[in-house]
Amino acid sequence: MPTPTPPLFHGTRAALSPGDLLPPRDGAVACTPSLDAAIWAAELAEGEGASAVYRVAPTGPCEEAAAAPGAPPQPYPTMTWRSSAPLRVVEEVTQWRYFHGTRAVLQPGELLVAGHAANFGPTPRSANFVYFTRTLDAATWGAELATGEGPGRLYLVEPTGPFEDDPNLTNARFRGNPTGSYRSRAPLRVVGELEGWTGHAPEQVRAMKEALARLDQAGVEPDDG
């Protein structure tokens, strides 16, 4: 039996409706089974419209394209599936999951509140916000860089009050908020723990910790006021 095609997503700034066709350009149209990658593509797409992510269905063969030999690594996820046939829009994705990375052991229903020891910046210091993200990659960094001795853990969470873009990441490298990073003064409710996730390579974690240490030595403090 053929291998089932996973759900595929396309990120863009175009306003589309169910049934619309995304035609190939330069011989192919891109999509991805990774919602994170589609979100990045939407945030970084050219144009003036609002970022949007759509679930799409291929009308012809669709497969993961091998990375071009010698291509430089991208600092963010990309849409790496390609089809020479149009993609049909199934629906717009409007509901996001939210994640929190930490080393704390938490249970479903437990509340994460502001005031705990901060993971970043000059210590000791209490954080005035609780931080969370809609992308798995950003939450993974949170778990790997969190203070403490236990293993990193990822949790699905839901905000219980208003929240805003995390100013420490918004517009820091890319326009907008492509990492989907947020903060809130209201508690986060733990929905469940995400297991089986894959961390970054040890050399990546080491490089990130060294970069944060340089910022600390330079007196750069996070915006947590």
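Only one of the listed residues (135, 170) is β-branched (Val, Ile, Thr) and at pLDDT below 80. That residue is 170.
Among the criteria (1) on the phi < 0 side of the Ramachandran plot; (2) in a loop (DSSP other than H, G, I, E, B), the one residue 148 does not fulfil is (1). Pull up the stretch 161-198, narrow it to residues that are among the small types (Gly, Ala, Ser) and surrounded by fewer than 15 Cβ atoms within 10 Å (Cβ to Cβ), then point me to the one that is nearest to residue 11 (Cα to Cα). Ranking the candidates gives 176 first. Checking 61, 33, 24 one by one, the residue that is without any contact (Cβ under 8 Å) to a residue 60 or more places away in the chain and touching a Pro at 6+ places or on another chain (Cβ under 9 Å) is 33 and no other.
The values are calculated or read from the model by the stated rules, or taken from the named source; none is laboratory data. None of the values given here were measured: they were computed from a predicted structure. Here the Cβ is made from the backbone with ideal geometry for all residues, glycine too, and neighbour counts use every protein chain on show.
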